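Read through the structure below, which is laid out as structure tokens, and then see the notes.
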Amino acid sequence: MERVSKVNISKPLALITSILVVGCAPQSLVSPNPGSSTPGDNLQNNQVNPSPSPAPDLLKDGVTVSTLAGNRGFVYEPGKIGDIDDVGQGYVDGQGDSARFNGPRGIVVDASGNVYVADTNNNRIRKITPTGLVTTFAGSGVKGYADGQGTSAMFKEPCGVALDASGNLYVADRLNCRIRKITPDGMVSTFAGSGDFAYADGQGTSAKFNGPLSVAVDAFGNVYVADALNYRIRKITPTGMVSTFAGSGDYDFQNMQGADGPAAGAKFNDPNFVAADAFGNVYVAEWGGHRIRKVTPTGIVSTFAGSSDFAFADGQGIKASFKNPTSVALDSLGNLFVADYSDRIRKITPTGMVSTFAGSGENGFADGRGASAKFNYPQCVALDASGNVYVAESNLIRKITVSN
């Protein structure tokens, strides 16, 4: 039987760069690193949605951070010795704080306000209704690989999730090295990837990925993949043809700074998360480089924000600093929202001005108004059609709403 080690998803997945052992992802051993669309189409939150509203500015408008689902309380499991990273983890469907997650890594919101969660360590895809009812949408909970209907399917540490205009859900199935597709009625299939930890472009299951962490869908149904351990951004057409969108595959271990320029020669440092806008631009949360990169439809890579320093600073473009940005999501006006390991949610305007949207910067857990809220290594952000911001972190799904 495959031995599965304890996985702490409050620590970065993308740090496993030099050694990757199938069935063993020792995140608990590492810590945050110090060192084109048609008119009317509207992309946000890695999906096509009908006219989502821009999110409010936390420091200008009254907003409230609350917990939509999950619980920070301990769940006793016989024979298990817990620690602080086990707080609230488990697997329970139910209403609001009666539900349990185990390392939720990716979230996306559909046009009806349902939240889909890649419950990574439970190897399931969960669904949360707008009222907070949590159910299991797909995945048996057994760590493995199997296509099939709903809970008969198997995943192996599913991470990022994204929706297309038809309501199909795409999943970056990290340790299966595959991109999975789930129809609205719950049928799971393999969209691309052979299952080998490798690199190869090609059609469907002949293509190869290496630890894919996230997916995004553009207005034309193309799927973009943060192929983390290949240090590339991959593109999959609606017919399943996989190509390399950006990245040479080289990694700069010395100064931890990526190289901008033409896509084929660009370098990434732990590309963790991708988001696509309505103009065909793809934004990359570069976990190890502490930056947000931008790839144009013509294949030019630039640094949109972030100095590459492991630090916290608001400001314009590369004058700002991040601490291991883990994910990005877009609103209808082109504002980017970033889950940052400074225990804050950051906001970047289309012109590149970085500000703090939520969070005091103090590690912990606290709901509340304004900057009094606390986060614990936020993993993922998403927006709904009303501009509410959702955050996956520490076995919780948080929600930031307007409360004027």
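The values are calculated or read from the model by the stated rules, or taken from the named source; none is laboratory data. Quick caveat, the model's predicted, so the values are computed rather than measured. Here Cβ is always computed from backbone atoms with ideal geometry, including for glycine, and neighbour counts include all displayed protein chains.
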Being over 26 Å from Pro378 (Cβ atoms) and not basic (Lys, Arg) narrows Gly249, Gly288 down to just Gly249
Within region 327-368, the residues that are surrounded by 24 or more Cβ atoms within 10 Å (Cβ to Cβ) and aliphatic (A, V, I, L, M) are Val328, Ala329, Leu330, Leu336, Val338, Ala339, Ile345, Ile348, Val354, Ala358
Scan of region 279-321 for residues that are closer than 22 Å to Ala219 by Cα, touching a helix residue (DSSP H, G or I) at 6+ places or on another chain (Cβ under 9 Å) and part of a strand (DSSP E or B), ordered by number | Val295, Ile300, Val301, Phe304
For region 285-326, name all the residues that are hydroxyl-bearing (Ser, Thr, Tyr) and either surrounded by 22 or more Cβ atoms within 10 Å (Cβ to Cβ) or under 20 Å from Ala358 (Cβ atoms) (or both).
-> Ser321, Thr326
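Out of all the residues in region 316-323, is one or more under 28 Å from Val115 (Cα atoms), of a type outside the set (Lys, Arg) and at pLDDT 95 or above?
Yes, there is a match, as at least one residue in region 316-323 is under 28 Å from Val115 (Cα atoms), of a type outside the set (Lys, Arg) and at pLDDT 95 or above.
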If you take the residues in region 179-190 that are of a type outside the set (Lys, Arg) and out of contact with any helix residue (DSSP H, G or I) (no Cβ under 7 Å at 6 or more places or on another chain), which one is farthest from Asp270 (Cα to Cα)?
-> Asp185
In region 225-272, which residues are part of a loop (DSSP other than H, G, I, E, B), of a type in the set (S, T, N, Q), at pLDDT 95 or above and within 20 Å of the chain's Cα centre (by Cα)?
-> none
Could you tell me whether region 343-354 includes any residue that is part of a loop (DSSP other than H, G, I, E, B), small (Gly, Ala, Ser) and within 18 Å of His290 (Cα to Cα)?
-> yes
For region 78-85, state whether one or more residues are surrounded by 15 or more Cβ atoms within 10 Å (Cβ to Cβ) and modelled with pLDDT of 95 or more.
-> no
Picked from region 108-120 (must be in a loop (DSSP other than H, G, I, E, B) and touching a strand residue (DSSP E or B) at 6+ places or on another chain (Cβ under 7 Å)), the residue nearest to Gly94 (Cα to Cα) is Asn114
What tally of residues in region 353-381 results from selecting those that are touching a Phe, Trp or Tyr at 6+ places or on another chain (Cβ under 6 Å) and either under 19 Å from Thr303 (Cα atoms) or aliphatic (A, V, I, L, M) (or both)?
-> 1
If you go through region 86-104 one residue at a time, how many are modelled with pLDDT of 95 or more, surrounded by 21 or more Cβ atoms within 10 Å (Cβ to Cβ) and part of a strand (DSSP E or B)?
-> 3
Would you check if Leu213 is in contact with a helix residue (DSSP H, G or I) (Cβ under 7 Å, 6 or more places away or on another chain) and surrounded by 20 or more Cβ atoms within 10 Å (Cβ to Cβ)?
-> yes
When you go through (1) more than 27 Å from Ser355 (Cα to Cα); (2) modelled with pLDDT under 95; (3) crowded, with 20+ Cβ neighbours inside 10 Å one by one for Gly193, which number turns out not to apply?
-> (2)
Quickly run through region 121-167 and pick out the residues that are out of contact with any helix residue (DSSP H, G or I) (no Cβ under 7 Å at 6 or more places or on another chain), charged (D, E, K, R) and either surrounded by 24 or more Cβ atoms within 10 Å (Cβ to Cβ) or part of a loop (DSSP other than H, G, I, E, B) (or both).
-> Arg124, Arg126, Asp147, Asp164
Matching residues in region 327-360 - criterion: being under 25 Å from Ser214 (Cα atoms), among the small types (Gly, Ala, Ser) and in contact with a helix residue (DSSP H, G or I) (Cβ under 9 Å, 6 or more places away or on another chain) | Gly352, Ala358, Gly359
Contacts under 7 angstrom Cβ, first residue in region 352-368 being polar (S, T, N, Q) and modelled with pLDDT under 95, partner crowded, with 16+ Cβ neighbours inside 10 Å and not in a strand (DSSP E or B), 6 or more apart | Ser360/Ala371; Ser360/Ala373; Asn363/Asp343; Asn363/Asn376
